[in-house]
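Here the structure is laid out as C-alpha cells; the discussion comes afterwards.
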Amino acid sequence: MDFTDSPEEAAFRTEARNWLNANAPAHELPRGVTLDDADEVARGTAWQRRLAEAGYAGILLPQALGGRGGTIMEAVVFGEEEARFNLPKGPYIIIGLSMALPVIAKHGTPEQIERFAAATLLGDLTWCQLFSEPAAGSDLAAVRTRAVKDGDDWVVNGQKVWSSWAHLSDWGILIARTDPSLPKHKGLSFFVVDMKTPGIDVRPIRQISGASDFNETFFTDVRIPDSCRIGAVGEGWACAMTVLTGERLNQGGSDNGEGIGGLIHYAARTPRGRGTALDSEAVRLSLAMAYAEEQAERHFQSRMRTMVSRGENPGAMAAVVKLAFASRYQKTAGLAMELREMAGIAHRPEEADTARIWYDYIWSTALRIAGGADEVLRNQISERVLGMPGDIRADKNVPFDQL
Amino acid sequence: MNFDLSDEQKMLAEQANGLLAERSPPDRLRQLIDAGAEWDEPLWRELAEMGFLGAAIPEQFGGVGMTRLDLAVISEELGRANAALPFFSSIVLAAEAIMLAGSEEQKARWLPALASGDTIATFAYAEGPGGWTADVLTAQVRDGVLDGQKGPVADAGIASLAIVLAHDGSGQPTLGLVSLDHPGVTRTKLASFDQLRAHYELRFDGVPFEPLAAAPADEVLAKLFDLAAVQAAFEAVGGADACLKMARDYAMDRQIFGRPLAGYQAIKHKLADIFVAIELARSSAFYAAWAATYGEEELPAAAAAARLSATGAFEQAARENIQVHGGIGYTFEANCHFYYRRERTLATAIGNREVWANRLIDSFLTQNANVAEVA
C-alpha cells in the first residue's frame with residue numbers, strides 16, 4: 001500500500017504541472033466575482049483552445065480524433081493538476097468533451113467525426129444535453145419528443161428540460177422518439193442539433209437557488225437534417241448509454257471549500273456559553289461522524305483510482321461515491337447552518353461563508369437527483385454489484401403508443 | 001498510487017478465510033454456546049500453527065514479523081467468521097501493549113508464549129461504566145502490589161496473564177503485568193451479551209504487579225487503543241460483510257408474493273446502503289492500517305475515523321440482517337444473532353462512539369493546530 005505516483009504517472013504529473021504553471025494563471029477566473037454567463041463561456045472556450053493547441057484537450061480521445069490517446073490515469077492526473085487553478089470549465093465545455101464527443105466517436109460516421117471532433121476540442125463548439133423531459137428523468141427511455149421523417153429531414157416536436165447552459169450552447173445532443181409503435185427503448189434515435197435552428201425556444205428555469213442555469217427547451221417543427229442523426233434509426237438508447245457511462249466516470253465527491261475540517265475549526269473558535277461550540281458533546285459527535293464519512297469517501301476514491309490505474313473498470317462501484325457524497329453534502333451543509341445558530345438563517349452582507357453554506361444546502365438537493373438519482377444508484381449497486389434482481393417493469397415489451 | 005492490499009495480503013486473507021470457514025462454521029458456534037465454552041481451543045491451536053497469532057510479533061520474539069496491516073487482514077477474517085477466540089484480548093491488546101511498553105526482558109519472556117498461543121493474556125482497563133481515565137481509576141498499585149477491582153474484562157476466564165491499568169497513588173496511571181493464577185486474584189464470571197466472548201470481574205488482593213515501564217502509561221494507552229481501534233475496525237468490517245452476504249443470499253432465496261424478496265426495492269436499497277457503508281468503512285480501515293504501519297502522525301485521527309465508520313457499518317448490517325430475514329432471523333438456528341451480539345461487544349469495547357468522537361476531534365485539532373491559529 002502506498003500513495004505515490006508510479007514513475008510514468010510522476011513524469012506525466014511533472015509535465016502537466018509545468019505546462020499548467022506556465023499557461024493556466026492567465027485563464028483563471030477572478031475569485032469571488034460572479035461573471036456574466038456569456039463572459040464565462042467565452043473564457044471557457046478560450047481556455048479550451050489553449051488546452052487543445054497543447055494537446056491536452058481530449059486526453060482520453062484517440063489521436064485519430066485529435067485527442068491525446070492517453071490513459072485514464074493520465075486524465076486523472078491532469079484533472080488533479082488542473083483543479084489547482086480556478087479555471088472556467090463549466091457544463092458548456094464538459095458536455096462537449098465527455099458526452100458529445102464520445103457518442104459521435106463511437107456511433108458517428110467519418111463525416112460527422114470530421115465535422116464535430118476538432119471543432120469541439122478547440123472550444124469552437126459548445127454543447128448542451130437535450131435528454132430529460134418533464135415525464136422522463138430517471139426513466140429516460142420514456143421520452144415523448146417526436147422526430148418524424150420528412151424527406152431528408154426529421155421534424156422534431158416536444159419539450160426538453162434541465163438543459164444546462166442551453167441558452168449559450170452552439171449545439172445540442174438530442175434523444176427523440178422516431179417510432180412509437182415499438183417498445184420504449186427500441187423506438188429512439190439520437191441526433192445532434194444546431195441550437196440556432198428555427199423552432200427551438202430556450203427558456204430559463206427559475207431555480208430554488210435563485211439562479212437560472214438550467215433551461216427548458218421547446219421544439220416546434222424543428223427540422224434536423226438526416227446527416228445529423230448519430231447511429232442508426234432506433235439506436236438512440238445505445239447512444240444514450242454511451243453518453244451516460246461517460247457522465248458517471250466524471251462524477252464523484254469533491255472537497256467543497258474547507259470541508260468538515262473547516263467546520264471543526266469554525267466550532268472551535270465560535271463562542272458558546274463560557275467556552276466554544278466545540279465544547280458540546282453533541283456538536284463533537286455530529287462533526288466527528290461527518291468528518292469520518294468525508295474521509296472515508298476520500299479513501300474510497302483512492303481505492304477506485306487504484307483500480308483505474310490497473311486498467312480495471314470500477315463499474316457500478318463508481319456509484320458509491322456519488323451516492324454517499326450528495327447526501328453527506330446536504331447533511332453537513334444543514335449541520336453548518338445549525339452550528340451558526342440564528343446567524344445561520346440570516347446573515348450580514350459581509351458574511352460570505354454563510355451565503356456559501358446556503359448555496360451548498362440548496363445545491364445538494366440537485367446533486368441527489370441529477371446524473372443518477374439516489375434511488376437509481378441504489379438500484380445499480382444492488383443489481384450490478386450485489387447481483388439482486390432488476391425491478392419489475394410494467395412497460396416492458398409494450399409498444400410505447402399503447403402505454 | 002496503490003491503495004489496496006498486496007497480493008500476499010490477499011493470499012493471507014484467503015488462507016485465514018479458508019481455515020475459519022472450515023473449522024468455525026455457524027454450527028460450531030452453536031455447539032460452543034450450548035457447551036458453555038468460552039473459546040474454541042482447537043481452533044486457537046491451529047491459528048497459532050499457521051502463524052496468525054504471531055503475525056505482527058517480531059521474529060526475534062517468536063513471531064512472523066509482518067506488519068499491523070497483515071494482522072488487520074486476519075482481524076477481518078475473524079470478524080467475518082465471528083470466531084470464538086481471545087485474539088483481540090491476547091494479541092491485539094496484550095501482546096501489543098508488551099511490544100509498545102515492555103522491557104526487552106518482558107518481551108522475551110511473554111511475546112513468544114503469546115505468539116505460540118500457549119499463554120493467553122487479556123487487558124484489564126475498565127472499571128464499570130465510568131470510563132478509565134486516571135482520575136476515576138480505583139485499582140491501585142503500592143510497593144509493587146495491586147489492590148482493587150477491574151471489569152468487565154474479556155476472556156479473563158481462560159487467560160493466565162493480564163495487563164492491568166491502575167493508578168500509582170499519585171494520580172498517575174500505570175500499566176503492568178499480573179498473573180491471574182496468583183491466589184490473591186478472584187475471578188467472577190459476568191453475564192456477557194456476546195455468548196461467544198465471556199467477560200469477568202477481577203478482584204485483586206495484594207497481587208504482585210510488574211510495571212511495563214518502557215514508556216509513560218498514558219501515552220502507551222492512547223497508542224495501544226488507536227492500534228486496537230484499527231484492528232477492531234477490520235473485525236467490524238468483516239462482520240458487517242458477513243451480515244450483508246447473509247441477508248442478500250437469504251433475500252435471493254426467499255420467495256414472497258410470487259417472486260424473490262431480493263427483487264423489492266425496500267430490500268435492494270437497504271442492502272445497497274449497507275454496501276456503501278461497508279465499503280466506505282473498509283476504505284478508512286485501509287487508511288488507518290496504513291497509518292498504523294507507516295504514518296505515526298496520522299494514526300490517531302485515522303484510527304478514530306475508521307473506528308466510527310466501521311462501528312456504524314456493522315451496527316447497520318447486523319440490525320438489518322435480522323430484519324431482512326424476518327421471523328427466522330429471531331431463531332437460534334439462524335446465524336444472524338452471533339453478529340447482532342458481537343457487534344455490540346465490538347462497538348463498546350475500547351470505548352463507545354462518544355469516546356472515539358472525542359478522540360477524533362481532539363486528534364484532528366492537534367494534527368491541524370497551525371491551521372487553527374491561522375483561522
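The values are calculated or read from the model by the stated rules, or taken from the named source; none is laboratory data. The shown structure was predicted, so the numbers you read here are calculated from the model rather than taken from an experiment. Neighbour counts are summed over all protein chains in view; Cβ atoms, including those assigned to glycine, are modelled from backbone coordinates with ideal geometry.
Could you please let me know if A:SER364 is hydroxyl-bearing (Ser, Thr, Tyr) and either outside the structural domain of A:HIS265 (by TED's automatic domain parsing) or more than 20 Å from the chain's Cα centre (by Cα) (or both)? Answer is no for this residue. Across region A:3-54, the qualifying residues are those that are within 14 Å of chain B (Cβ to nearest Cβ) and in a loop (DSSP other than H, G, I, E, B), and the one among them that is surrounded by the most Cβ atoms within 10 Å (Cβ to Cβ) is A:ASP5.
Taking region B:1-53 as the search range and keeping residues that are surrounded by fewer than 17 Cβ atoms within 10 Å (Cβ to Cβ) and under 30 Å from A:GLU8 (Cβ atoms), which one is modelled with the lowest pLDDT? Filtering first and then ranking leaves B:ASN2. Given the structure, is B:MET246 within 8 Å of chain A (Cβ to nearest Cβ) and of a type outside the set (Gly, Ala, Ser)? Spelling it out, it is not the case that B:MET246 is within 8 Å of chain A (Cβ to nearest Cβ) and of a type outside the set (Gly, Ala, Ser).
Identify the residue in region B:152-199 that is modelled with pLDDT under 95 and out of contact with any helix residue (DSSP H, G or I) (no Cβ under 8 Å at 6 or more places or on another chain) and, among all such residues, is surrounded by the fewest Cβ atoms within 10 Å (Cβ to Cβ). Checking each candidate, the answer is B:SER170. Only one of the listed residues (A:ALA147, A:ALA117, A:ALA176) is modelled with pLDDT under 95, of a type in the set (A, V, I, L, M) and buried (at least 17 other Cβ atoms within 10 Å of the Cβ). That residue is A:ALA117. Within region B:346-362, the set of residues being part of a helix (DSSP H, G or I) and crowded, with 20+ Cβ neighbours inside 10 Å comprises B:LEU346, B:ALA347, B:TRP356, B:ALA357, B:ARG359, B:LEU360, B:ILE361.
Filtering region B:295-310 to residues that are surrounded by fewer than 24 Cβ atoms within 10 Å (Cβ to Cβ) and either at the interface with chain A (Cβ under 7 Å from one of its Cβ atoms) or among the acidic types (Asp, Glu) (or both) leaves B:GLU296, B:GLU297, B:GLU298.
Annotation note: of A:GLY371, A:GLY390, the sole residue that is within 9 Å of another protein chain (Cβ to nearest Cβ) and among the small types (Gly, Ala, Ser) is A:GLY390. For B:PHE338, state whether it is buried (at least 19 other Cβ atoms within 10 Å of the Cβ) and more than 13 Å from chain A (Cβ to nearest Cβ). Answer is yes for this residue. One residue stands out in region B:36-84 among those that are in contact with a Ser or Thr (Cβ under 7 Å, 6 or more places away or on another chain) and within 25 Å of B:SER284 (Cα to Cα): the one that is nearest to the other protein chains (Cβ to nearest Cβ), namely B:LEU69. Kindly establish whether B:ALA83 is touching a residue at least 24 places away in the same chain (Cβ under 8 Å), out of contact with any His (no Cβ under 7 Å at 6 or more places or on another chain), buried (at least 20 other Cβ atoms within 10 Å of the Cβ) and part of a loop (DSSP other than H, G, I, E, B). Judged against the criteria, B:ALA83 is a match.
The single residue among B:ALA357, B:ALA369, B:ALA262, B:ALA292 that is in contact with an Asp or Glu (Cβ under 9 Å, 6 or more places away or on another chain) and more than 7 Å from every other protein chain (Cβ to nearest Cβ) turns out to be B:ALA292.
Kindly indicate whether any position in region B:276-283 is of a type in the set (Ser, Thr, Tyr), within 22 Å of A:GLN380 (Cα to Cα), part of a helix (DSSP H, G or I) and more than 9 Å from every other protein chain (Cβ to nearest Cβ). No: zero hits. All told, B:ALA108 meets the bar of being away from chain A (no Cβ under 14 Å), part of a helix (DSSP H, G or I) and among the hydrophobic types (A, V, I, L, M, F, W, C). Flag: A:GLY311 does not match the condition of being modelled with pLDDT under 95, closer than 30 Å to A:THR34 by Cβ and not in a helix (DSSP H, G or I).
Looking for something surrounded by fewer than 16 Cβ atoms within 10 Å (Cβ to Cβ) and within 11 Å of another protein chain (Cβ to nearest Cβ) - is there at least one such residue anywhere in region A:307-326?
Yes.
Taking the criterion of being away from chain B (no Cβ under 11 Å) and in contact (Cβ under 8 Å) with a residue 60 or more places away in the chain, the only residue of region A:271-306 that qualifies is A:ALA277. Screening B:TRP132 against (1) under 16 Å from B:LEU224 (Cα atoms); (2) in the same structural domain as B:LEU32 (by TED's automatic domain parsing) leaves a single unmet condition, (2). Can we say B:ARG319 is more than 10 Å from chain A (Cβ to nearest Cβ), in contact with a Lys or Arg (Cβ under 8 Å, 6 or more places away or on another chain) and either farther than 27 Å from B:ALA292 by Cβ or in contact (Cβ under 8 Å) with a residue 12 or more places away in the chain (or both)? Answer is no for this residue.
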